[in-house]
Structure formats: structure tokens, C-alpha cells
Amino acid sequence: MRKKKHDRYYAIQAYQILAKMTDQEVATALGVSLRTYKDKISGYSDFTSAQGKKLSQLFSVSQDEIFLT
């Protein structure tokens with residue numbers, strides 16, 4: 001059984017819905033596979049600082065807002 005590194009990022013999913021983007025679209029924008037993106041959202045791996053900046057740009061919100069858990 002895999003161990004989580006952090007809680008699920010609900011805010012990222014909420015901003016993704018507001019932006020009307022699919023999981024695949026966000027994964028592609030971040031340069032990762034769909035499975036990797038879902039693992040990061042679920043808490044099994046971490047986003048890099050560059051990926052955090054990219055998410056902030058995609059959703060037009062600060063990284064502090066995005067990474068609420």
C-alpha cells in the first residue's frame with residue numbers, strides 16, 4: 001500500500017473545474033502524465049516549484065490559494 005505525502009489538494013481541483021479544464025489538459029500543461037498528475041492531486045507525490053508556478057498561471061490565482069489542503 002502506498003503512503004501519502006500530504007492531504008488531497010481540493011483547491012486545485014476546484015480551480016481546475018472553474019477553469020473548465022480536464023485532468024489531461026492540466027497534466028499536459030504541467031508536462032506530466034495523467035497518472036502522475038492524479039497522484040500529485042491525491043497526495044502520493046509532490047508538485048515541483050515550477051509546476052506550482054504553472055498551476056498559478058493556469059488558474060490566475062496565487063500559489064498560496066492553490067495549495068490549501
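Taking trypsin sites (Lys or Arg not before Pro) across the chain, the ones in a DSSP loop with at most 14 further Cβ atoms lying within 10 angstrom of their Cβ are ARG2, LYS3, LYS4, LYS5, ARG8, LYS20. The share of Cα pairs per 5 Å bin across region 10-49, counted from zero up to the longest distance, runs 6, 25, 35, 28, 6 percent. Each distinct pair of alpha carbons in the chain adds a 1/r term; the inverse of their mean, the Kirkwood radius, is 11.9 Å.
Extending 7 Å from Cα along the Cβ direction at TYR10 and again at ASP46 yields two label points whose distance is 2.3 nm.
Evaluating 6.51 cos²θ - 1.76 cosθ + 1.60 at θ = phi - 60° for every residue in region 10-19, the Karplus couplings come out as 5, 5, 4, 4, 5, 5, 5, 5, 4, 7 Hz, glycine and proline recorded as x.
How much of the accessible area of the chain, in percent, comes from carbon and sulfur atoms when a 1.4 Å probe is used?
Details: 2310 of 4490 Å².
Carbon with sulfur: 52 percent of the solvent-accessible area.
I want to make sure I understand the PRE zone here: with the label point 7 angstrom from the Cα of ALA29 toward its beta carbon, which residues in region 43-69 have backbone N atoms less than 18 Å away? Backbone N within reach: 47-68. Calculated [222 nm] ellipticity per residue, helices only, for the chain: -16000 deg cm²/dmol; basis is -39500 (n - 2.57) per DSSP H run with n ≥ 4, divided by all residues, nearest 500.
The values are calculated or read from the model by the stated rules, or taken from the named source; none is laboratory data. All figures in this text were calculated on a predicted structure; none of them were measured in a lab. Every residue, glycine as well, gets a Cβ built from its backbone with ideal geometry; the counts of neighbours run over all protein chains shown. With ligands, DNA and RNA removed, areas are computed over all heavy atoms of the protein, side chains included. Shrake-Rupley method; radii C 1.70, N 1.55, O 1.52, S 1.80 Å.
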